[in-house]
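Written below as structure tokens is the structure these notes are about.
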Amino acid sequence: MATLSATPAAPPAEAVYRRIGWRIIPFLILCYFVAYLDRVNIGFAQLQMKGDLGFSDAVYGLGAGIFFLGYFLFEVPSNLILHRVGARVWIARIMITWGLISALTLFVTTPTQFYVMRFLLGVAEAGFFPGIILYLTYWYPAARRSQMTAWFMSAVPLSGLIGGPVSGWILHHFHGHHGWAGWQWLFVLEGLPAVVLGIVTLFYLDNGIKHAKWLSADEKNALQHALDQEAQTKPAHSALQGMADPRVWLMALIYFSVVIGLYGLSFWLPLLIKSTGVTDPLTIGWLVALPYGVSVVAMILVGRSSDKRHERRWHVAIPALIGAVGLVLSTLWSTDTTLAMVALTLATVGIMVVLPLFWALPNAFLAGTAAAAGIALINALGNLAGFFGPSIIGWVKQTTQSTNGGILVLAAFMVLCAVLVLLTPKPQK
């Protein structure tokens, strides 16, 4: 992004960053809330969908995961297009197409149709998350980015906190209305808001500092000068060089290790709670909200601690290990609802806290076009775990009649995440 003025600028005032935060972060949280809800609401849909359509656990697990194959194939191209054409138009396009595809999933009747719609949903949504991570670099220097990323990614646990009860309510109250099953209403009622937000994005979101009419010229210069100074400490690389950097591939492996825990848990959490003896979808929805509610608070507090201390690795490694412990305990306490909820809350908190803090690690050495490509590649490769996590649990459950073996695999990957993070060089900020 070009410098707005050659005249030296004073550091931006705290009030300016606060104004930026209130302008863009709540809207991005809302967009990601809807995106993540559309991605994982089949965790609730399966409570009725599998029985209605005769899908096995393996079919469901594969369908849940195949989303990430489409996501993987189109992630890097999507982020490069965003960097070229601007966030406003491209994010709007992503949201409108994914919302329509999510809603149309109500018409699936066979495993093949289910796989196709999940794959297309991944293609449509590809680029949204890494695009926002890149977008935040257009506004915030590294020292402020972890907390802003944590706020943005609070949409993930919020989708469980709010989306869990809402999804349970839709299944409970809409089942049979106008001849549609509850799971069909779920896809429609949670898919269409993305279309509406996509249209709003075209009018609300600014591509970056120089397009923000609500900032003065002096404020724009100060903000851009702070970003330009930071960019001078990072070598300029092309997209290809960014993707070829060995550190990018290490980051992808670390991210893969945590994402396999994230989606393995997200897609199966309603069923894990149901297996403790809870049967009502609405009650399951409220119980799903508990670990996500705790996670929202933990994400913000730990993100603030990481920025304040300029420390990243231990702030990632310790929560990853807590997540692993929670996963292991959930297999030991799987028949007791209260103890299982304690374990699942620990697991969810540990995994959720890692997510935003992880992105401070690659952002410490990536900039410009290399950042667009590198961030997208890390996210694309890491999110392949979204294919393996749900599929592993589905296959293990169908083979052994228990999810415990699959959950232990997820715990092992969380330990690997912690180990790899501690082996990485210490970032400067």
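Each value in this text was obtained by applying a stated rule to the coordinates, not by laboratory testing. Note that this is a predicted model, so its numbers are computed, not measured. Neighbour counts are summed over all protein chains in view; Cβ atoms, including those assigned to glycine, are modelled from backbone coordinates with ideal geometry.
Key figures
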| read-out | value |
| --- | --- |
| Hz values of 3J(HN,Hα) by residue in the stretch 322-328 - Karplus curve (6.51, -1.76, 1.60), Gly and Pro given as x | 4, x, 5, 4, x, 5, 4 |
| Net length gained if the chain between Glu14 and Val116 were fully extended (0.36 nm per residue, minus Cα distance) | 31.9 nm |
| Given charges at beta-carbon only (K, R positive; D, E negative), |dipole| of the chain in Debye | 780 |
| Extreme residue, positive dipole direction of the chain, given options His178, Leu121, Gly208 (C-beta unit charges) | Gly208 |
| Distribution of pairwise C-alpha distances over the stretch 14-423, 10 Å bins, in % | 5, 24, 35, 25, 10, 2, 0 |
| Packing-based ranking, highest mean first, of 43-51, 342-350, 417-425 given that Cβ atoms within 10 Å are counted | 342-350, 43-51, 417-425 |
| Ordering of 147-154, 406-413 by packing [mean C-beta count within 10 Å, highest first] | 147-154, 406-413 |
| Residue (of Gly405, Ala226, Ala142) at the positive-pole extreme of the chain, dipole from beta-carbon charges | Ala226 |
| The stretch 1-156: radius of gyration and largest Cα-Cα distance (Dmax), Å | 18.9, 67 |
| Cα-centre dipole for the stretch 260-399 with unit charges at Cβ (Lys and Arg positive, Asp and Glu negative), debye to 20 | 260 |
| Virtual paramagnetic centre 7 Å along Cα→Cβ of Glu230, amide N under 17 Å, in the stretch 131-173 | 131-153 |
